[in-house]
1. Where the second residue is part of a strand (DSSP E or B) and open to solvent by 60 Å² or more (accessible area, probe 1.4 Å) and the first is farther than 14 Å from residue B:138 by Cβ and polar (S, T, N, Q) and lies in the stretch B:176-204, which pairs have Cβ atoms under 8 Å and are six or more apart or on separate chains?
2. Filter the stretch B:393-409 down to the residues that are among the acidic types (Asp, Glu) and touching a residue at least 24 places away in the same chain (Cβ under 8 Å), then identify the one that is most open to solvent (accessible area, probe 1.4 Å).
3. Considering (1) at pLDDT below 90; (2) within 27 Å of the chain's Cα centre (by Cα); (3) not small (Gly, Ala, Ser), say which one residue B:311 fails and leave the rest.
4. Can you tell me which of A:537, A:551, A:576, A:592 is within 13 Å of another protein chain (Cβ to nearest Cβ) and either modelled with pLDDT of 95 or more or open to solvent by less than 50 Å² (accessible area, probe 1.4 Å) (or both)?
5. When the stretch A:511-534 is examined, which residues are found to be in a strand (DSSP E or B) and either within 16 Å of the ligand (Cβ to nearest atom) or at the interface with chain B (Cβ under 10 Å from one of its Cβ atoms) (or both)?
6. Kindly provide the set of residues from the stretch A:64-99 that are at positive phi and over 20 Å from the mean Cα position of the chain (by Cα), ordered by number.
7. Can you go through B:204, B:181 and tell me which one is of a type in the set (Val, Ile, Thr) and in the same structural domain as residue B:307 (by TED's automatic domain parsing)?
8. With the structure loaded, tell me whether residue B:88 is away from the ligand (no atom under 15 Å from the Cβ) and crowded, with 22+ Cβ neighbours inside 10 Å or whether it fails that test.
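The values are calculated or read from the model by the stated rules, or taken from the named source; none is laboratory data. Being a predicted model, the structure only gives us computed values, none of them experimental. Using ideal geometry, Cβ is built from the backbone for each residue, glycine included, and neighbour counts are taken over all protein chains shown. With ligands, DNA and RNA removed, areas are computed over all heavy atoms of the protein, side chains included. Shrake-Rupley method; radii C 1.70, N 1.55, O 1.52, S 1.80 Å.
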Amino acid sequence: MQEDSRPDAALGLEGVPHTGEAITADGLLVEPQAEDFQHAKQAPKNPDWFKGAVFYEVLVRAFTDSNGDGTGDLRGLASRLDYLEWLGIDCLWLPPFYASPLRDGGYDISDFRAVLPEFGNIEDFVYLLDEAHRRGIRVITDLVLNHTSDAHPWFQQSRMDPDGPYGDYYVWSDDDSRYADARIIFVDTETSNWTYDPVRGQFYWHRFFSHQPDLNFENNDVQEAMLDTLRFWLDLGIDGFRLDAVPYLFEEEGTNCENLPRTHDFLKRCRKVVDDEYPGRILLAEANQWPSDVVEYFGDPEVGGDECHMAFHFPLMPRIFMAVRRESRFPISEILAQTPEIPTGTQWGIFLRNHDELTLEMVTDEERDYMYTEYAKDPRMKANIGIRRRLAPLLENDRNQQELFTAMLLSLPGSPVLYYGDEIGMGDNIWLGDRDAVRTPMQWTPDRNAGFSSCDPGRIYLPVIMDPIHGYQALNVEAQLNNASSLLNWTRRMIEVRKQHHALAEGTFIDLGGSNPSVLAYKRRWTRPDGHEDIVLCVNNLSRFPQPVELDLSEHRGTTPVELTGGVHFPQVGELPYLLTLPGHGFYWFQLATVGDDGESR
Amino acid sequence: MTEPQELVEKLLTELPGWLPAQRWFAGKDRPVGSVRPLRTTVLLEEPRLLHVVVEVEQADRVEAYQLLVTDRDESYEATGDGELTGHLLDLMAQGREIDGLSFEHEPDAELTDGLRGRPITSEQSNTSIIFGSQYILKLFRKLSYGPNPDLVLHRALRGVGCEHIAQPLGSITGELNGEQVTIGMLQQFLPDAVDGWAMATTSVRDLMADSEALHADQAGGDFAAEANRLGQAVATVHADLERALGQQDADDDDIAATVRAMGSRLDRVAEMVPALGPFVPALREAFDKALDGRSTIVVQNIHGDLHLGQVLRTVNGWLLIDFEGEPAAPAAERAALKSPLRDVAGMLRSFDYAAHQMLVGQDEDPLLTERALEWARRNRAAFCEGYADAAAEAVGDPRRHGELLRAFELDKAVYEVAYEYANRPEWLTVPLSSIARITGEGA
Ligand SMILES: Nc1ncnc2c1ncn2[C@@H]1O[C@H](COP(=O)(O)OP(=O)(O)OP(=O)(O)O)[C@@H](O)[C@H]1O
């Protein structure tokens, strides 16, 4: 066989174990096995850990560069674990760090069993995992089930040898007319879900970029291969996966090819592998769908859920922004009222920002127009169907709003997922292409390259932010550590308070309504295993103006609300509605002491 | 403990002084003459709870008012006593009849009993009591003889499955001088509800406070989407009322009578309020035009007193409440069939009020005035569009009936002029400037 036609030729993985380093006599690609590596020590056993965990999404590339090549890496990230432990983070979510041609931020995976060389290797990953577990921090990573990069040896084999073992790994067709009802997701770059491959002389199916062919899940070999991929990482000690783009695994004529029953069946298979072989690890679904569709990804409520343990609540996030701009609680109240109950063994993941654009798929056309006018005044700020900006600039760097948003993130139902840098109010760079605007290096110090890397500034993977407001000289971790009232210290304190009140993690959510539309007030109510109730009352002023609010706390007559950040006792709840006044964009968290059995009755 | 009779006697001597101090008392404009007891019902012995109806005579006017009385409190007033009012709910849940007062729940409604009551804190002309976070009971303070439109229309709407109301769940009725009176109506309480006035003024406040020269459609608190949905809700309620209770084509005489009534109101108000004088010819012309240029119109049961304070925003959308009709009008007029355009006009007026309320009593500021006008224009249009989208064929887009709609709106504004002149002279500029603008545009 010619050297450059080898299926692994494009990977750049010479010298490290990788898929396709050899081919067996019957045409199968040799793949690395977990036994070839050391395994990390396991995190403490607690099957429900994810229900109360604070997650932190961090891009390996963007956090810390340990070897001075201008790109963040696994060893660099490991060196910052003390910081993350101090902040109160329970679980890291790492977007893909696999071998990849990097045409889609690493979501175009060219080898599921190798680390992108710039980030390190499998041993470095095991080291990170071990160090994290030592600090009680778990780690989950993205796994893209739906597709691979076109550089993946599977695809190379599939296009070259239609009759070989990989010939049926992808969705091939003689024409581009099938599944016409499936929408095109990346409308900015793609015009069809089919692309012609001159090598094989057929069209292949792709829901995302044309360089990301969809795997053919109808083929049982593909299902088995993906389950083995899960096992590979779970054996190394990883705590779970964020399953990327799950709604699209199967296709079916006459449907929009999303959320199909067979897709759910396969997820149940994945879950069974986790439950039987790796209890305590989790699956987190990325399904950018309406809550009523997303709950399907938790699986059967009768058994407490038998698909994913967690799913992101996508529609909530834009509505938090909308509610504050409109000074009306209804966008939030409505979406939560429309959110069905979830099985007992599951939890939502909620977030304000992540490495993608602020997506506006799950809003109405009218709401989308509204969000664009309000939050993307410059057309450069838009990307696909969304807004590519970070939290601080979205909120015009207003500290009160950043605190209000974070307080809601930490108290609305679901496990909060912070995005790296938002804890210090990092800015974005809308002059960078696509979603790179929000993926610039973490700002650690006022030193060269913001303390991210020791390299020559010209070599850095993306320029650090240097504008006068968000530039690293003034805005960095070091400066904020030294300032007791910094956003960083405030965020840490709030995470700490959240963890002291399990009601904020697993409590039922009760919207209190109230006659002032600008005030969102809710209770989180949790019955402790000993039967006692932990009730937290959260009151948020979505308006920039001070507001009074009268709350119906009649159920809690006689209790004394205690403010959670300072421990101040507020006036006792009496017969009349409870009156509070809040400063513009202000919020309160109160503990409401245990209620008697007679509740609201006489 | 005093006997019921003694308690009532004692109460009667104090009522002439006490009544005018009550927010719900409708006769504050003239001295209270005599107060006579009409009937007393013992609802509870211990603690004592009495239902008392008194007849209040004021010059040429005689009205019946109801009181809930206890001797547990020096004020005699029992509506603030959560335990005592809770008893009213229990009686409805049990479907009891006490001495001619019937406490009923709607046929297919199951009520939870044993809840404490608490009066609502907002200003109102009746007294409403909330139970738990589930029910609200409205006690009609001034009793009127015959069927009560609030109860009748709510029941009719529930019967056709209308989603834009707070469902009626029970009632308290009785007899007075041989005629039926409605004492109270129990409805589903929506704890998350915010009234439309608060929603709209939140939006106006946001626009007014913006330092940049923003337009209403660019302001963060833009209300147009809400106004549109509100228009849809109102149109749906109209269609549901029509389905439940029917409609009629108004004949020429009806329309002529309606327009005549507008004209005579104008005469009365113009005599009282000199500032209206300059607009009288234009107003009269607008009313005449409504008569000439009319298309056929339908009349039906409508809300009758629709404004932003009579609609509630909940997580499930907009609701209309309080179908009592125009409070000052006599019962027969309130019950009469009317054009749904009257309700539309009422809402349009309310948008004007919401837009201008922050400017009242302030120095003239052309920028803020322009913003207020723009807000009103935008939201009035959005409301009409929403209405048109959901309206029944016979009504359609309210703007199609431009001249009639304008006449209704002007008539309402004339009514407002009289009201503001008597009660809040500072606000007089709101209806007057609207009249100036609407008649100006029409010319
Ligand atoms: N079903 C309900 N759910 C929640 N709040 C309600 C409900 N019904 C009424 N309210 C609240 O109570 C207030 C008074 O209600 P309503 O208008 O029926 O009484 P009213 O005495 O006729 O008032 P008004 O004097 O304004 O005519 C409303 O403005 C609203 O805020």
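1. Close Cβ pairs (under 8 Å, with a partner that is part of a strand (DSSP E or B) and open to solvent by 60 Å² or more (accessible area, probe 1.4 Å)) amount to B:177/B:145; B:180/B:145.
2. My answer is B:403.
3. (1)
4. A:551
5. Across the stretch A:511-534, the qualifying residues are A:511, A:519, A:521.
6. Result: A:68, A:70.
7. B:204
8. Yes; evaluated as a whole, the condition is true for this residue.
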